[in-house]
1. Looking for whichever is at positive phi and either at the interface with chain A (Cβ under 10 Å from one of its Cβ atoms) or hydrophobic (A, V, I, L, M, F, W, C) (or both) here; the options are B:G155, B:G80. Which one fits?
2. Give me the residue from the stretch B:42-77 that is away from every other protein chain (no Cβ under 13 Å), free of Cβ contacts under 8 Å to residues at least 24 places away in the same chain and not acidic (D, E) and, out of that set, nearest to B:G94 (Cα to Cα).
3. Might you check whether a residue that is out of contact with any helix residue (DSSP H, G or I) (no Cβ under 9 Å at 6 or more places or on another chain) and on the phi > 0 side of the Ramachandran plot occurs anywhere in the stretch A:327-339?
4. Can you name the number of the only condition in (1) under 30 Å from A:Q141 (Cα atoms); (2) surrounded by 11 or more Cβ atoms within 10 Å (Cβ to Cβ); (3) at pLDDT 80 or above that A:T80 fails?
5. How about the stretch B:104-147: which of its residues are free of Cβ contacts under 8 Å to residues at least 24 places away in the same chain, facing another protein chain (nearest Cβ under 10 Å), surrounded by 15 or more Cβ atoms within 10 Å (Cβ to Cβ) and not in a helix (DSSP H, G or I)?
6. Inside the stretch A:120-132, can you point out the residues that are at pLDDT 95 or above and either part of a strand (DSSP E or B) or among the polar types (S, T, N, Q) (or both)?
7. Would you tally the residues in the stretch A:259-274 being surrounded by fewer than 17 Cβ atoms within 10 Å (Cβ to Cβ) and farther than 14 Å from A:P162 by Cα?
8. If I ask for residues that are exposed (fewer than 15 other Cβ atoms within 10 Å of the Cβ) and within 20 Å of A:K327 (Cβ to Cβ), which ones from the stretch A:361-394 would you list?
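The values are calculated or read from the model by the stated rules, or taken from the named source; none is laboratory data. All values reported here derive from a predicted model rather than from experimental measurement. In this analysis, Cβ positions are derived from the backbone assuming ideal geometry, glycine residues included, and neighbour counts consider all displayed protein chains.
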Amino acid sequence: MNIKIILLSAVSLIASSNLLAAEPTNQELFEMLKKQQAQIEELQNKLAITEEKVVENDEKIESSVLVIEENLVENKGSKTSIGGYGELHYNNIEDSESIDFHRFVLFFGHEFSDSIRFYSELELEHAISGDGQVGEVELEQAFVEMDLTDDSRLKAGVFLLPIGVINETHEPPTFYGVERNPVEKNIIPATWWEAGANFNTQFSDGLSADFAIHSGLNVPTDGSNSFLIRNGRQKVAKASADSLAYTTRLKYTAVPGLELAASYQFQTDVTQGELDADASLFTAHAIYNVGNFSVRALYAEWNINGDEADVIGRDKQKGYYLEPSFKINENFGLFARYNLWDNNAGDSIDSEKKQTNIGLNYWPHEDVVFKVDIENTSGIIDNDGFNLGVGYQF
Amino acid sequence: MTIFLFTSFFLYLTLLSPFVSAKSYMSQQEFFNSVQQSLSPAEKFQTKTLWLKKEIQSQVSKILDHKYPKLRVRYKISDGSKPPTSVWYLDEIGKERPITFGVSIKNSRVQMIQVLEFRESRGYEISIPAFAKQFEDIGVDDEHNLDQNIDGITGATMSVSAMKKIARLAILLHKTVLSSSTTSENK
């Protein structure tokens, strides 16, 4: 037993002496700690550098993205803009067939600053112009517009008068029927542009007003076209500015889908000093879109002072139309339009003209339209037929 | 009379004109505040970034008819609430100039939409609250078209079209961030 204890004690003594020999000394431990501390500091430095680089890279990426996005926006929203619209018509009325690229229009606009811009519309009518040709090149708009406050702006130059429905908005995809309605064409007369200045202001949400001073009409004073309003458009082509005109419009659009507007115009002399015949135009219209249904109605009336217009019954010229429509879906819409107008309404002779159109618009894209309508006229005119058309805007 | 009116015009021009820019209806922060106020119970939002990768741009192009001119879109999304609400600030050109919209989406439907800045000459009527209200709770169908009719505005066709496209786009982006991992939290 004693021998066993002695042997075990000897073995444990040897083992413990070996262990003591493997443990580091305090000095060695201190050196190890110093080394590890240096390594930690080195890693911390590397981490700090890496973090700096990450921040730097983030900033570089952010700057690059901003530059790229600015370029993308710059390319997309250039200060100079180009747009346009056009329409090709095929008319088959009373066996008289014709095909006509009625309007080819280009818009050019430029933003001088956030508050000052230029806008223009150059139109080629009936595909060709020149001596002996049926078409015309017309500058229908060319004005500088300036925002005066958040709610008011002034335009000066050649502009479309704030009257009626289609005078200012007449891109083919925005209206039904191949041809524009004859009431606004022959009574207002759309498309009607003059030179001058127009002040527009918004009184509150959905209520706005326009006041314009501009060049006036110069109607013929003899022949079959005398005192016909449409023939009085001078088109700002070396136009007489002897007698100016004033137009004002009040427009209400506060209810979604509803537009109510009325315009009044005073012409100081529609003969530009030849006969002293002042005149006034009153128009009012309503448009209501609800669901897939829509209805448009317009009334327009001219009163011309002076014996010369009175004698031939053209002292009063008036008309109206009513146009209900139904949009079957995003691509198809049906319409019917009844028009009545009279350019000789000042006498007792029945001189009314009536026209009914029923048709379909097909929009394969919101900016492209194909149209077809059946046309029937009565009153002092009597023609029936149909029209086909294609139009676009961009 | 004519001289008097012309003089009045130019006097008005001189006095009031100089520094007017696009009409600002609401700031992004004001829009965000109004979204938060409309949520009950209140939701906590965090700001994130959606990178418009090729496949997303392809879907965006189908809605806008052109690519969105940004590489990424920052948005806010509510944290922890189910379903989450996302808030977007997006631009689209009406006829010539960009219109800035604020849109919030919940359950893949428009919760609120508002014109923040309007720069076009015509079509300001889309900023009228009664018009924007038509978009509330509107969603999209399988073809990604709006599932309810919007009563249009005569003479503002292109501005109305821009607003409809932005509503569709915001719904697409909302769905994208909920279904993908292409987002990264802002620092």
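1. Step by step, each of B:G155, B:G80 is checked, and only B:G155 is at positive phi and either at the interface with chain A (Cβ under 10 Å from one of its Cβ atoms) or hydrophobic (A, V, I, L, M, F, W, C) (or both).
2. Of everything passing the filter in the stretch B:42-77, B:S58 is nearest to B:G94 (Cα to Cα).
3. Taking every residue of the stretch A:327-339 in turn, none turns out to be out of contact with any helix residue (DSSP H, G or I) (no Cβ under 9 Å at 6 or more places or on another chain) and on the phi > 0 side of the Ramachandran plot.
4. Looking at each condition in turn, A:T80 falls short on (2).
5. Passing the criteria: B:I128, B:L146.
6. Selection gives A:S120, A:E121, A:L122, A:E123, A:L124, A:E125.
7. Residues meeting the conditions: 2.
8. A:Y362, A:P364, A:H365, A:I374
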